[in-house]
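The values are calculated or read from the model by the stated rules, or taken from the named source; none is laboratory data. This one's a predicted model, so the numbers in the text were calculated from it and none came from an experiment. Reconstructed Cβ throughout: ideal geometry from the backbone, glycine too, with neighbour counts over all protein chains shown.
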2 protein chains.
Amino acid sequence: MQRVTIAEVAARAGVSTATVSRALSGRGPVSPEVNDRVRTAASELGYQVNSIARALRNSRTDTVGMVVPNIGNPFFTSLVQSVEHALEREGRDLFLCDARSTPALEARRLRSLVARNVDGIIVSPTHGAESAAAVAATAAALPLVQLDRFVDGTSTDWVGVDDIAAMRLVLDHLHASGAHTVAFVGSQETNSSSEQRLSGFRQRVGELGMTLGRHGVLLGEFSIEWGESALTQLVRADALPDALVCSDDLIALGVTRACRAHHIDVPGRLQVTGFDDIDFAGLSEPALTTVAQPTDQIAAEAVRLLAAASQTGSTTTRAAAHIALTPSLVVRASTR
Amino acid sequence: MQRVTIAEVAARAGVSTATVSRALSGRGPVSPEVNDRVRTAASELGYQVNSIARALRNSRTDTVGMVVPNIGNPFFTSLVQSVEHALEREGRDLFLCDARSTPALEARRLRSLVARNVDGIIVSPTHGAESAAAVAATAAALPLVQLDRFVDGTSTDWVGVDDIAAMRLVLDHLHASGAHTVAFVGSQETNSSSEQRLSGFRQRVGELGMTLGRHGVLLGEFSIEWGESALTQLVRADALPDALVCSDDLIALGVTRACRAHHIDVPGRLQVTGFDDIDFAGLSEPALTTVAQPTDQIAAEAVRLLAAASQTGSTTTRAAAHIALTPSLVVRASTR
DNA sequence: CTGAAAGCGCTAACAA
DNA sequence: TTGTTAGCGCTTTCAG
């Protein structure tokens, strides 16, 4: 159970530890014959590098840290999968942390990642304001890219989707299908996604001359429960619009579920749209019209930015990149 | 951006590095006055431990590795959340890896975790046979607990749910609600969950005197798509039973979705049950009757076993624990 | 091409 | 109570 070290391999191969290191890592000159001897000795002993020791010596870990607001949200899960995929191509590992929508926990995770000497950090901050200090402090110490969401007032690299364009897609579609009054169900504007989507919504509603229903903007949280309760509120207030734009799929799923309970026909009486295109969006009854995010692209850009930042050493010199990728509309059965 | 080391703190506080270490870690005698000086110096400089160096020195990382077959499956996501919660109480971090249902990738992840000197590993093996060698090799090097699934022929600690009991719950319920002919839709028997559930199913069907429909056992994979295709097969063969027992919720969700497409009334014409009780089980139309796994308990036991194994140093001495926790049936609208 | 030796940052003996 | 020192396992100059 005692781990095999490079010294034991060296002894067995009859060479020095330096030579073993050179042979195994493949950098530095080693005669073919010695190379062979070392490699067989290593495999006979079942040698495996000790990444900790290597990391200490090299001051790099080949590991990227990632912090997401809530791994229970399928959107973030697929973002994680995309990031892991992108990193794999470079032979780097991912250290994943869940902030459980708690800024204090998120701050702890970030500190822990810094202490672990990860080479860079990808974070989707939980809260626009309350996450700001921790993100800024972390960005000062390490290359850091914000994903999907970003915090107020900090300028680090960011990659996400163009929320304004997304809302344009959604509202143009609803407008074309005859909706006049619309309402928005989102989360409290405590993060950039919420803010951007709401502001894109307001903007396009104005441009298209649509009218905001009574109770036209309902803000809660990104959850199924909130979606259900929002719809119930609208029904109680007798303020149902023609269409309901939800700022994520969980909310939309809650809304359509509550519609079934209240016998409201979707999309006949009420059209509903979501955001993210999580797997289950296509499964609900009716299947959800929603905005698909290009998660693979987002992840690829993030990894690229991180690599670039690691090159230059410090993030502070360059201007921060702000990359908003183009979303696409997936039309299903919850709209006409 | 250069990281602050203990030496700089020592210089500033006018003491030795050893004293700084003692003061900051709180073990070893330090005079209150010096303690203060060290602490203020540390915070002024923004000192943070270098976990890598500490880990090399202490040969422990306070980190547990976890490998799941597929993080896209919500069941594993909630298992991960439960494990992270349980570890948090002990102040240990989780290093999460996704095996993407690929034994070769899983083996790589396991090796990487060993190389990283994690203190222990929690793994839900992808494949009963093909994961066996890697799991065995890993268990030889580190404390390891298998979760939910286990590999053939290796005896490590295991925690999961009692699949036999679960199938008993399901079939008793279906039997009571008048189902006579039943069929089973599962995944290929490449992992223990599949095997156990199928065998529990067969057993209870026999005991209750129910009859297995034609095409009574359909095996594919744990996915929505497979559920849909399985139902379609049954319809085409005109072999629809009274009830369909699915070995996870994804399959069941696929089945109920296909039922909508084929205008098959659930539960009127066909009763359907799932397994795992993922969040979306309650959302589908009709809401799924399913078996809930006690994930928090499972995680707590796993963490406890890992701690115990770390204590004794080696796993080989003790007999392996095999802990099957009791599942519960959640009755919703997909059964009568 | 190979070996000796230093040192990454930290902690635990051991001395003082 | 504090300081000195050795060393965790690895890589990398620098000599040979």
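Starting from the stretch A:75-101, keep only residues that are more than 7 Å from chain B (Cβ to nearest Cβ) and surrounded by 23 or more Cβ atoms within 10 Å (Cβ to Cβ), then list their pairs with residues that are hydroxyl-bearing (Ser, Thr, Tyr) and not in a helix (DSSP H, G or I) whose Cβ atoms are within a distance under 6 Å, requiring at least 6 positions of separation or different chains.
Pairs that qualify, where the first residue is more than 7 Å from chain B (Cβ to nearest Cβ) and surrounded by 23 or more Cβ atoms within 10 Å (Cβ to Cβ) and the partner is hydroxyl-bearing (Ser, Thr, Tyr) and not in a helix (DSSP H, G or I), are A:99/A:126.
For residue A:63, which of the numbered conditions (1) in contact with a strand residue (DSSP E or B) (Cβ under 9 Å, 6 or more places away or on another chain); (2) among the hydroxyl-bearing types (Ser, Thr, Tyr); (3) surrounded by fewer than 20 Cβ atoms within 10 Å (Cβ to Cβ) fails to hold?
Failing condition for residue A:63: (3).
Restricting to the stretch B:231-290, give me the number of residues that are over 22 Å from residue B:199 (Cα atoms) and of a type in the set (Gly, Ala, Ser).
Selection size over the stretch B:231-290: 9.
Could you grab me the full set of residues in the stretch A:33-61 that are on the phi > 0 side of the Ramachandran plot and within 12 Å of DNA strand C (Cβ to nearest atom)?
Across the stretch A:33-61, the qualifying residue is only A:59.
Looking at this structure, is residue A:77 outside the structural domain of residue A:142 (by TED's automatic domain parsing) and either assigned to a helix (DSSP H, G or I) or polar (S, T, N, Q) (or both)?
no
Answer yes if at least one residue in the stretch A:106-113 is closer than 22 Å to residue A:274 by Cβ, among the hydrophobic types (A, V, I, L, M, F, W, C) and either more than 14 Å from every other protein chain (Cβ to nearest Cβ) or under 17 Å from the mean Cα position of the chain (by Cα) (or both), and no otherwise.
Scanning the stretch A:106-113 turns up no residue that is closer than 22 Å to residue A:274 by Cβ, among the hydrophobic types (A, V, I, L, M, F, W, C) and either more than 14 Å from every other protein chain (Cβ to nearest Cβ) or under 17 Å from the mean Cα position of the chain (by Cα) (or both).
Cβ-Cβ below 7 Å, separation at least six or inter-chain, first residue in the stretch A:49-65 and more than 8 Å from chain B (Cβ to nearest Cβ), second assigned to a helix (DSSP H, G or I): which pairs?
Listed pairs, sorted by first residue: A:64/A:87; A:64/A:306; A:65/A:113.
Out of the residues in the stretch A:9-18 that are part of a helix (DSSP H, G or I) and surrounded by fewer than 18 Cβ atoms within 10 Å (Cβ to Cβ), which is farthest from DNA strand C (Cβ to nearest atom)?
The extreme case among them is A:11.
Can you tell me which residues in the stretch B:213-238 are modelled with pLDDT under 95 and aliphatic (A, V, I, L, M)?
B:224
Would you say residue B:275 is of a type in the set (Phe, Trp, Tyr) and within 14 Å of chain A (Cβ to nearest Cβ)?
No: the conditions fail for residue B:275.
Looking at the stretch B:284-303, is at least one residue under 20 Å from residue A:279 (Cα atoms) and among the acidic types (Asp, Glu)?
yes
From the list B:133, B:166, B:141, B:230, which one is crowded, with 16+ Cβ neighbours inside 10 Å, closer than 30 Å to residue A:46 by Cα and of a type outside the set (Lys, Arg)?
Every option except B:141 fails the conditions.
State whether one or more residues within the stretch B:260-267 are under 30 Å from residue B:136 (Cα atoms), surrounded by fewer than 21 Cβ atoms within 10 Å (Cβ to Cβ) and not assigned by TED's automatic domain parsing to the domain that holds residue B:70.
No.
For the stretch A:284-309: of the residues being assigned to a loop (DSSP other than H, G, I, E, B) and buried (at least 22 other Cβ atoms within 10 Å of the Cβ), which is nearest to the other protein chains (Cβ to nearest Cβ)?
The qualifying residue nearest to the other protein chains (Cβ to nearest Cβ) is A:284.
Going by the structure shown, is residue A:107 of a type in the set (A, V, I, L, M), outside the structural domain of residue A:196 (by TED's automatic domain parsing), part of a helix (DSSP H, G or I) and surrounded by fewer than 24 Cβ atoms within 10 Å (Cβ to Cβ)?
Yes; evaluated as a whole, the condition is true for this residue.
Looking at A:232, A:190, A:256, which one is over 16 Å from residue A:173 (Cα atoms) and within 14 Å of chain B (Cβ to nearest Cβ)?
A:256 is the lone residue from the list that is over 16 Å from residue A:173 (Cα atoms) and within 14 Å of chain B (Cβ to nearest Cβ).
Each row is one residue, and each column tells you yes or no for (1) at pLDDT 95 or above; (2) near DNA strand D (Cβ under 7 Å from one of its atoms); (3) more than 26 Å from residue A:134 (Cα to Cα).
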residue	(1), (2), (3)
B:9	yes, no, no
B:15	yes, yes, yes
B:20	yes, no, no
B:26	no, no, no
B:30	no, yes, yes
B:40	yes, no, no
B:48	no, no, no
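Kindly check whether there is at least one residue in the stretch B:19-32 that is more than 13 Å from DNA strand C (Cβ to nearest atom) and either within 14 Å of another protein chain (Cβ to nearest Cβ) or in a helix (DSSP H, G or I) (or both).
yes
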